[in-house]
Amino acid sequence: MTDQTRKNLWGGRFAGETDPQFWRFNQSFSFDRRLFEPDVRASLAYCDGLVAAGVLTPAEGQQIKSALTGILDRGRTDESYFDDPSSEDIHSFVEARLVEMIGDTGRKLHTGRSRNDQVATDLRLWLRDEIDRLAISLCETQTALLDFAEQNRDVVIPGYTHLQRAQPVLLAHWCLAYFEMLTRDRDRCAEVRKRVNVMPLGSAAVAGTSYAIDRDAIARALGFESVSRNSMDAVSDRDFCVDFVNTGALVMLHLSRLAEDIIFYSTNECSFFELSDAVATGSSLMPQKKNPDSMELVRGKAGRVFGHLTALLTTMKGLPLAYNKDMQEDKEAVFDTADTINNCLAVTTTVLRHIRVNQSRSREAATHGYLNATELADYLVRQGMPFREAHETVGRIVVRAIERGVELNELSLEEMKSFSALIDQDVFEFLSLERTLLTKSQKGGTAPDRVAEALSAARKKLS
């Protein structure tokens with residue numbers, strides 16, 4: 001038996017030497033070392049379970065737990081501790097360190113446990129903490145949105161449909177739209193966390209454990225709400241990974257849409273926003289350029305997370321019960337998704353906190369391009385005209401204004417009355433920007449009072 005085979009957790013069955021290229025291909029320690037703390041935490045709780053089941057003596061249990069605590073402390077403070085190219089994965093690394101410290105007693109810890117239920121437990125522990133961190137990051141970005149809204153409470157911008165100017169809205173109303181998207185993301189995080197918080201430990205490799213281990217007690221020690229009900233499902237389930245990455249994909253979808261708006265509003269064609277020098281770059285050729293690279297990268301990284309979701313679904317779709325090594329591909333997708341989302345949220349928060357708003361340009365854009373045409377149609381409806389007729393009438397008035405090169409409120413009363421006798425002097429009040437905003441006073445509208453209420457309610461949600 002070779003040295004390498006002796007180091008494997010599965011070496012007894014093998015007499016031949018592992019091919020070096022396959023060994024490197026098979027290793028996961030380079031990335032699953034991120035599960036170090038969850039692995040040790042789970043092992044500490046499992047050790048207590050083995051003691052309670054009579055598999056370990058109290059003295060052996062204490063010896064193992066003392067060594068595991070030392071391993072955990074060393075791993076937290078010494079990055080070079082993980083410089084071990086011989087470890088196949090994080091589980092073999094921790095077990096090797098344990099055996100180095102206390103000898104054969106350390107080998108007893110794996111009694112009744114498989115790497116199949118071990119890695120599933122570790123990944124759930126890690127992901128549970130990561131979801132909590134993501135929820136905090138989402139709150140920070142939401143706070144930045146609300147701060148930005150309140151600092152620019154009176155700013156009006158054009159609302160768009162089909163990238164065409166449609167109706168004026170308050171900038172704060174635009175901010176609150178993204179606040180709502182991120183609120184749904186936080187809700188999804190909470191839902192996913194419930195499904196993550198189920199403990200598979202004690203399922204062993206596939207059929208369950210033969211030892212009288214109190215799984216419920218171990219679950220309580222690790223903060224799990226429940227234990228898995230079927231050992232085959234427990235070791236082969238990666239729905240919780242797909243759930244997380246799917247939630248992450250929606251977070252990135254929302255951040256990408258926000259990034260696209262900010263990029264668009266920062267163009268010379270709009271000039272509503274100017275990004276801070278801290279989150280923009282220049283051109284190596286064109287000295288005048290100020291590029292929104294921060295937001296372009298956020299927009300681009302959405303595709304990265306979407307790819308992880310597709311990869312996970314594709315990996316899992318044809319796997320038979322129960323565990324298969326294909327599932328090793330889950331971790332890099334999950335890890336990178338978490339890193340990408342948190343980085344993008346942090347950058348987006350920084351961008352929002354340093355945007356300069358061009359109020360005059362925004363207001364000018366909100367009052368040009370016939371954005372009050374719907375108000376004129378509504379005015380006619382209030383005078384008794386059916387909406388479809390009003391819509392057609394205003395369309396003809398817009399054509400006249402375009403021909404004249406003026407806005408609707410710049411047409412004379414006589415010109416307007418030539419299209420409908422229902423139009424009177426008070427029409428100009430209805431066509432004003434202020435009146436246009438005020439009329440959108442139902443729940444969810446852009447009227448200033450409604451937006452103020454929505455901002456207050458959003459603050460309460462965060463607190």
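The values are calculated or read from the model by the stated rules, or taken from the named source; none is laboratory data. Predicted, not measured: the structure shown is a model, and the values here were computed from it. Glycine also receives a Cβ, built like all others from the backbone with ideal geometry; neighbour counts cover every protein chain displayed. All accessible areas refer to the heavy atoms of the entire protein, side chains included, with ligands and DNA or RNA removed. Shrake-Rupley method; radii C 1.70, N 1.55, O 1.52, S 1.80 Å.
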Item to check | Residues satisfying the stated conditions in the range 54-96, i.e. open to solvent by less than 70 Å² (accessible area, probe 1.4 Å), more than 30 Å from PHE31 (Cβ to Cβ) and in contact with a Ser or Thr (Cβ under 9 Å, 6 or more places away or on another chain) | outcome: VAL55, LEU56, GLU60
Checklist entry - Out of all the residues in the range 403-439, which are touching a residue at least 24 places away in the same chain (Cβ under 8 Å) and either basic (Lys, Arg) or assigned to a helix (DSSP H, G or I) (or both)? => result LEU408, ASN409, VAL427, PHE430, LEU433, ARG435, THR436, LEU437
Next on the checklist: Tally up the residues in the range 25-40 that are open to solvent by less than 70 Å² (accessible area, probe 1.4 Å) and either closer than 25 Å to TYR211 by Cβ or of a type in the set (A, V, I, L, M, F, W, C) (or both), please.
Outcome noted: 7
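Let's see how each residue does on (1) in contact with a strand residue (DSSP E or B) (Cβ under 8 Å, 6 or more places away or on another chain); (2) more than 17 Å from GLN359 (Cα to Cα); (3) acidic (Asp, Glu):
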{"residue": "LEU253", "(1), (2), (3)": "no, yes, no"}
{"residue": "LEU258", "(1), (2), (3)": "no, yes, no"}
{"residue": "ASP261", "(1), (2), (3)": "no, no, yes"}
{"residue": "ASN268", "(1), (2), (3)": "no, no, no"}
{"residue": "ALA278", "(1), (2), (3)": "no, yes, no"}
{"residue": "GLY282", "(1), (2), (3)": "yes, yes, no"}
{"residue": "LEU285", "(1), (2), (3)": "no, yes, no"}
{"residue": "PRO292", "(1), (2), (3)": "no, yes, no"}
Next on the checklist: Of everything in the range 97-123, what is assigned to a helix (DSSP H, G or I), open to solvent by 20 Å² or more (accessible area, probe 1.4 Å), at negative phi and not acidic (Asp, Glu)? Give them in sequence order.
Outcome noted: ARG97, VAL99, MET101, ILE102, THR105, ARG107, LYS108, HIS110, ARG115, ASN116
Checklist entry - With (1) open to solvent by less than 70 Å² (accessible area, probe 1.4 Å); (2) not in a helix (DSSP H, G or I) as the list, and MET286 as the residue in question, which single condition is left unmet? => result (1)
Item to check | Qualifying residue in the range 240-256 (condition: in a loop (DSSP other than H, G, I, E, B), out of contact with any Ser or Thr (no Cβ under 8 Å at 6 or more places or on another chain) and not hydrophobic (A, V, I, L, M, F, W, C)) | outcome: no
Checklist outcome for this item: Of the residues in the range 310-368, those that are open to solvent by 20 Å² or more (accessible area, probe 1.4 Å) and of a type in the set (Lys, Arg) come to LYS317, LYS325, ARG353, ARG356, ARG361, ARG363
Item to check | Filter pass, VAL206 being modelled with pLDDT of 95 or more, outside any helix (DSSP H, G or I) and either farther than 18 Å from ASP132 by Cβ or not β-branched (Val, Ile, Thr) (or both) | outcome: yes
Checklist outcome for this item: Note on the range 124-137: residues surrounded by fewer than 24 Cβ atoms within 10 Å (Cβ to Cβ) and within 30 Å of VAL357 (Cα to Cα) are ALA135, ILE136, SER137
Checklist entry - In the range 251-278, how many are of a type in the set (S, T, N, Q), over 24 Å from the mean Cα position of the chain (by Cα) and crowded, with 19+ Cβ neighbours inside 10 Å? => result 1
Checklist outcome for this item: Filtering the range 138-157 for residues that are open to solvent by 20 Å² or more (accessible area, probe 1.4 Å) and part of a helix (DSSP H, G or I) leaves a count of 6
Next on the checklist: Just the residues that are touching a helix residue (DSSP H, G or I) at 6+ places or on another chain (Cβ under 6 Å) and either at pLDDT below 95 or under 19 Å from ASN409 (Cα atoms) (or both), please, taken from the range 350-372.
Outcome noted: THR367, TYR370, ASN372
Item to check | PHE22 being touching a helix residue (DSSP H, G or I) at 6+ places or on another chain (Cβ under 8 Å) and either modelled with pLDDT of 95 or more or of a type in the set (Phe, Trp, Tyr) (or both) | outcome: no
Checklist entry - Are any residues in the range 45-78 without any contact (Cβ under 8 Å) to a residue 40 or more places away in the chain and under 16 Å from ASP214 (Cβ atoms), and if so, which ones? => result VAL51, PRO58, GLY61
Checklist outcome for this item: Result of the Cβ filter at 6 Å on the range 297-312, keeping first residues that are within 13 Å of CYS241 (Cβ to Cβ) and partners that are open to solvent by 50 Å² or more (accessible area, probe 1.4 Å) and in a helix (DSSP H, G or I), at least 6 apart or interchain, is LEU309/ASN246
Checklist entry - What pairs come up if the first residue lies in the range 158-183 and is open to solvent by 20 Å² or more (accessible area, probe 1.4 Å), the second is part of a helix (DSSP H, G or I) and hydroxyl-bearing (Ser, Thr, Tyr), and their beta carbons are under 8 Å apart, counting only those six or more places apart or on different chains? => result GLN167/THR374; GLN167/THR436
Checklist entry - Limited to the range 13-67, what total is found for residues that are small (Gly, Ala, Ser) and closer than 19 Å to ASP89 by Cβ? => result 4
